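Below is one structure, written out as structure tokens; comments come after it.
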Protein chains: 2
Amino acid sequence: MHIAILTFEGFNELDSLIALGVLNRIKKPDWRVSIASPTVRVRSMNGLLLESQTSLREASAADAVIVGSGMRTREVVADGALMAQLQLDPSRQLLAAQCSGTLILAKLGLLDGVPACTDLTTKPWVQEAGIDVLNQPFFARGNVATAGGCLASPYLAAWIIARLEGSGGKRTSLRRPGGRERRLRIACDAQYHAVLETDVGDRLNKFE
Amino acid sequence: MHIAILTFEGFNELDSLIALGVLNRIKKPDWRVSIASPTVRVRSMNGLLLESQTSLREASAADAVIVGSGMRTREVVADGALMAQLQLDPSRQLLAAQCSGTLILAKLGLLDGVPACTDLTTKPWVQEAGIDVLNQPFFARGNVATAGGCLASPYLAAWIIARLEGSGGKRTSLRRPGGRERRLRIACDAQYHAVLETDVGDRLNKFE
């Protein structure tokens with residue numbers, strides 16, 4: 001399984017790298033998680049320089065793609081050559097977008113008829129692209145999921161783990177903070193719906 | 001204000017980079033957050049290569065230091081020359097450690113008499129260094145704080161913001177996921193104790 005995290009110049013570290021860290025908790029020989037960028041090196045919104053791990057072309061062939069967020073997403077969607085490199089298709093891969101990443105999925109026509117989550121800054125641009133924006137941290141329908149709010153990033157990662165690795169009744173535990181009450185679980189219910197829940201039984205989200 | 005995040009070879013992305021992202025939400029001209037490493041470039045436990053932003057020497061002079069976690073912390077504490085570069089002092093700076101970073105503070109003699117949080121793998125080594133380990137995600141006393149569990153990283157960042165920027169009754173909002181119920185607040189109560197709480201009134205931690 002290859003999961004690519006699209007990461008552009010001016011990226012938000014929380015969006016790309018929380019997903020990277022959480023997804024890498026799955027320790028299986030065929031499980032690979034990569035930062036995918038148009039350039040060899042990419043700088044974050046706060047000046048952090050990191051090396052990309054795969055190309056947009058390889059990302060387009062991944063089993064799951066997370067579109068990260070950043071300060072310059074409107075430049076990305078205005079760049080026809082760059083957008084043409086994103087050959088994404090929910091019929092053969094899981095697609096997830098975080099905050100302004102939702103605008104990229106919207107402009108690629110991949111959210112048609114699917115309501116979406118995003119951040120407050122990006123909201124009017126996503127609406128302008130004809131998409132209903134939900135006031136909630138996470139929403140998924142079929143093979144497409146979106147999240148809004150940087151600390152919602154684990155939800156996207158959890159959704160991908162649940163969809164790629166989950167099975168009915170099987171649970172994968174991801175330790176949230178330290179104590180008993182701070183454990184985050186990914187579970188699949190009897191109908192194979194993935195559920196994020198805490199130990200205290202507080203269901204955070206139920207995926208469609 | 002300079003906040004340095006000590007980041008060593010084999011580092012855990014969640015620990016160093018969530019703190020970096022959350023701390024950079026403070027937009028003030030004198031507010032600076034840096035990844036500090038012994039080398040110019042540093043590679044994470046999952047193979048992500050990034051460029052360090054400051055030296056250990058500059059980090060030792062910072063107003064606040066977060067000691068990040070990683071796969072090779074036992075090598076760090078066994079390296080006398082490296083440990084000697086960490087001239088940390090809670091009488092002039094805030095010190096925070098995440099997961100195995102707690103072992104570094106312990107070995108530097110900076111946790112004497114202070115119970116601490118860490119991850120389950122590091123726990124026996126911290127105990128061997130004579131420190132009581134708490135089964136909770138966050139603990140602070142005076143100018144020293146520790147956290148255990150990767151997703152406890154925002155607590156350390158919030159504690160630093162509250163200590164460096166907080167004032168009685170003043171609140172700084174950090175959006176947690178998207179919706180109303182997922183907002184994380186940093187607040188200071190009437191006694192200038194910093195409190196992390198959610199909108200639903202669930203107090204996560206109260207700092208000593």
Query - Those residues of region B:116-164 which are touching a strand residue (DSSP E or B) at 6+ places or on another chain (Cβ under 9 Å), modelled with pLDDT of 90 or more and among the basic types (Lys, Arg), in sequence order - result: B:LYS123
Query raised in the report: Consider A:SER37 against the criteria (1) crowded, with 24+ Cβ neighbours inside 10 Å; (2) under 17 Å from B:SER44 (Cα atoms): it satisfies all of them except one. Which criterion is unmet?
Result: (2)
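Take the conditions in contact with a Leu (Cβ under 7 Å, 6 or more places away or on another chain) and either within 10 Å of chain B (Cβ to nearest Cβ) or farther than 25 Å from B:VAL33 by Cβ (or both) and apply them to A:ALA4. Does it pass? Don't jump to the end; show me each part of the working.
On the way: in contact with a Leu (Cβ under 7 Å, 6 or more places away or on another chain): no; either within 10 Å of chain B (Cβ to nearest Cβ) or farther than 25 Å from B:VAL33 by Cβ (or both): yes.
When the stated conditions are applied, A:ALA4 does not pass them.
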Report summary line: (1) under 23 Å from A:CYS150 (Cα atoms); (2) of a type in the set (D, E, K, R); (3) assigned to a helix (DSSP H, G or I) all hold for B:LYS28 apart from (3)
Report summary line: When region A:1-34 is checked residue by residue, the ones that are surrounded by fewer than 24 Cβ atoms within 10 Å (Cβ to Cβ) and either farther than 15 Å from B:LEU48 by Cβ or among the acidic types (Asp, Glu) (or both) are A:MET1, A:HIS2, A:GLU9, A:GLY10, A:ILE26, A:LYS27, A:LYS28, A:PRO29, A:ASP30, A:TRP31
Report summary line: Counting only residues that are open to solvent by 10 Å² or more (accessible area, probe 1.4 Å) and closer than 19 Å to A:MET45 by Cα, region B:42-70 contains a total of 5
**Report entry** Subset tally (residues that are among the acidic types (Asp, Glu) and not in a loop (DSSP other than H, G, I, E, B)) for region A:95-130
**Finding:** 1
Report task. List every residue pair whose Cβ atoms sit under 7 Å apart, with the two residues 6 or more apart in sequence or on different chains, where the first one lies in region B:137-165 and is facing chain A (nearest Cβ under 10 Å) and more than 20 Å from B:ARG32 (Cβ to Cβ) and the second, anywhere, is of a type in the set (D, E, K, R) and open to solvent by less than 10 Å² (accessible area, probe 1.4 Å). Result -> B:CYS150/B:ASP15
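If you go through region B:14-72, how many residues are of a type in the set (D, E, K, R), under 13 Å from the mean Cα position of the chain (by Cα) and within 10 Å of chain A (Cβ to nearest Cβ)? Quick ask: steps written out before the conclusion?
The initial filter retains those residues of region B:14-72 that are of a type in the set (D, E, K, R), namely B:15, B:25, B:27-28, B:30, B:32, B:41, B:43, B:51, B:57-58, B:63, B:72.
Subsequent filtering for residues that are under 13 Å from the mean Cα position of the chain (by Cα) retains B:15, B:63.
From the residues that got through so far, the ones that are within 10 Å of chain A (Cβ to nearest Cβ) too are B:15.
Residues meeting the conditions: 1.
The values are calculated or read from the model by the stated rules, or taken from the named source; none is laboratory data. Note that the structure is a prediction, hence the values are computed from the model and not measured. Methodologically, a virtual Cβ is constructed for each residue, glycine included, from the backbone with ideal geometry; neighbour enumeration extends over all protein chains shown. SASA here: full protein model, heavy atoms, side chains in, ligands and nucleic acids out. Shrake-Rupley method; radii C 1.70, N 1.55, O 1.52, S 1.80 Å.
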